[in-house]
Amino acid sequence: MSTTTVDKLTAQEIIELSRKHTISEWAAQGAVDPLPIERAEGIYLYAADGKRYIDFNSQLMSVNIGHSDKRVIKAMQEQAERLCYVAPSFMTTEPRARLGAKLAELCPGDIDVFFFTNGGAESVENAFKIARAYTGRAKIMSRYRSYHGATAAAMAATGEPRSWAQAPLPGMIHFPDWYHGVDREQDSAEVALRNLEEIIMLEGPQTIAAIILESVTGTNGILIPPDGYMQGVRALCDKHGIVMIADEVMSGFGRTGEWFAINHWKVVPDLMTIAKGITSSYIPLGAVGMRRKIADFFKDKMFPGGLTYSSHALACATALATIAVYEEDGLIERTKRMGKVMGELMADLAKRHPSVGAVRNLGLFGVIELIRDRETRQPMAPFNGAAPEMAALGKFFRQEGLFTIVRWNYFFTNPPLIITEEQLRDAFKIIDRGLEITDKAVA
């Protein structure tokens with residue numbers, strides 16, 4: 001046994017080695033300046049230099065139960081000691097069996113069969129395969145202002161600038177929703193649905209396999225659909241024999257104050273993609289949930305997908321422990337309560353800061369949009385663009401110990417669901433001071 005002692009890296013050494021030998025996502029590598037995080041607990045991150053940060057975005061809207069929950073870590077350790085992996089095509093495990101049954105209890109309607117993946121993008125990829133096999137059709141419809149993942153088909157379905165540089169795939173059709181930006185009036189559900197049906201008819205409904213929608217749009221601005229919109233999409237899918245896919249990768253597992261955001265509108269999709277909050281990102285796992293009629297289609301037909309790490313025993317055990325935390329700690333109901341507090345804090349900022357153009361939240365899924373002109377409602381930064389004021393705001397948050405994502409003319413308010421009211425108010429005090437920077441830019 002080796003007795004060699006490995007010297008601990010300094011914060012600067014961690015940064016330098018990471019920048020030299022690894023790639024950071026969605027960034028020009030020369031501009032990357034990562035935080036060297038050493039440990040995390042609850043809602044807090046601790047850098048290698050000792051500085052503490054409030055994790056106000058739950059990392060990538062995924063660490064829903066907070067960091068380093070001992071119950072989940074213990075379950076992971078116990079499962080690792082027994083069994084980590086078996087071939088999913090030929091064997092199964094108790095965690096896999098129990099997780100499928102548990103998800104069947106939680107998911108809406110008759111979604112009670114699951115194909116397990118390694119994350120959100122793989123869930124989306126496999127949802128497309130399932131929809132195409134089930135319908136015998138090829139086209140996939142998705143919205144602009146959507147993000148569905150960075151793999152080939154998921155990125156082709158994505159309707160925002162990160163997909164522009166990728167090779168387009170045939171049969172991927174984008175359509176607008178009800179939202180047109182902070183500087184323009186949004187459409188009603190009726191108008192948005194009428195526009196959608198027109199595109200369906202122009203494309204040929206008999207050629208469309210599926211429509212995929214984030215139940216609440218995440219990365220592109222926490223866009224909450226108006227009442228009637230999701231019900232209308234469900235009706236259009238039923239009318240034309242199209243599979244409805246609800247992308248719950250980001251909005252699922254309590255984030256909006258329901259187990260899944262689609263539940264707010266009492267709609268049952270045909271397929272549902274999940275990931276992130278299923279394990280609170282303690283370990284990678286995703287899934288495609290499907291209604292019984294779709295699952296039964298594959299009883300005598302080959303299922304069109306497979307993954308080496310599908311139904312990974314360690315990941316399934318982690319998910320079961322994570323779901324138990326949601327239930328034991330009452331995090332779904334807690335999120336409803338704390339979401340109301342956060343909404344009040346956001347509304348207060350909107351009243352007092354001229355640079356705040358819009359605030360939106362559903363549960364602890366929130367965003368604050370900034371403008372530079374109260375009359376024209378010109379965004380503080382253009383679509384897919386930057387502004388020095390937004391950069392300064394992001395720098396201020398980092399200096400003051402608040403981690404969140406600042407993007408274009410908005411930033412997110414998506415803390416772990418365990419956050420207390422006192423901690424929430426502490427975070428908003430930092431935001432309140434930061435907005436003085438952007439207020440100075442308002443005409």
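Annotations for the structure displayed:
- Considering residues of region 312-329 that are among the small types (Gly, Ala, Ser) and more than 21 Å from the chain's Cα centre (by Cα) only, the residue farthest from residue 410 (Cα to Cα): 313
- Among the conditions (1) at positive phi; (2) surrounded by 23 or more Cβ atoms within 10 Å (Cβ to Cβ), residue 109 misses just one, which is (2).
- Near pairs, Cβ below 9 angstrom, 6+ apart or cross-chain, from region 328-355 (closer than 19 Å to residue 278 by Cβ) to any residue that is of a type in the set (Ser, Thr, Tyr) and outside any helix (DSSP H, G or I): 335/256
- Annotation note: Cβ proximity below 9 Å between a residue of region 222-244 that is over 14 Å from residue 143 (Cβ atoms) and a residue that is surrounded by fewer than 17 Cβ atoms within 10 Å (Cβ to Cβ) and basic (Lys, Arg) (sequence gap 6+ or interchain) occurs for 231/266.
- Every condition in (1) touching a strand residue (DSSP E or B) at 6+ places or on another chain (Cβ under 8 Å); (2) farther than 28 Å from residue 377 by Cα is met by residue 256 except one, and the failing one is (2).
- Residue check, residue 385 in contact with a strand residue (DSSP E or B) (Cβ under 6 Å, 6 or more places away or on another chain), more than 30 Å from residue 332 (Cβ to Cβ) and without any contact (Cβ under 8 Å) to a residue 40 or more places away in the chain: no
- Residue 209 vs. criteria under 14 Å from the mean Cα position of the chain (by Cα) and either within 20 Å of residue 293 (Cβ to Cβ) or at pLDDT below 95 (or both): no
- Among the candidates 387, 391, 443, the residue that is of a type in the set (A, V, I, L, M) and under 21 Å from residue 54 (Cβ atoms) is uniquely 391.
- Test for residue 365: is it exposed (fewer than 15 other Cβ atoms within 10 Å of the Cβ) and in contact (Cβ under 8 Å) with a residue 60 or more places away in the chain: no
- The listed residue being over 19 Å from residue 416 (Cα atoms) and either modelled with pLDDT of 95 or more or not charged (D, E, K, R) (or both), out of 31, 40: 31
The rows are residues; the columns are (1) surrounded by 15 or more Cβ atoms within 10 Å (Cβ to Cβ); (2) of a type in the set (A, V, I, L, M, F, W, C); (3) touching a residue at least 60 places away in the same chain (Cβ under 8 Å).
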| site | (1), (2), (3) |
| --- | --- |
| 6 | no, yes, no |
| 15 | yes, yes, no |
| 26 | no, yes, yes |
| 46 | yes, no, no |
| 50 | no, no, no |
| 58 | yes, no, yes |
| 61 | yes, yes, yes |
| 71 | no, no, yes |
| 81 | no, no, no |
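- Identity of the residue in region 275-313, of a type in the set (A, V, I, L, M, F, W, C) and under 13 Å from residue 88 (Cβ atoms), that ends up surrounded by the fewest Cβ atoms within 10 Å (Cβ to Cβ): 303
The values are calculated or read from the model by the stated rules, or taken from the named source; none is laboratory data. Fair warning: this is a prediction, and the values are worked out from it, not measured in the lab. Note that each Cβ is placed from the backbone with ideal geometry, even for glycine, and that neighbours are counted across all protein chains shown.
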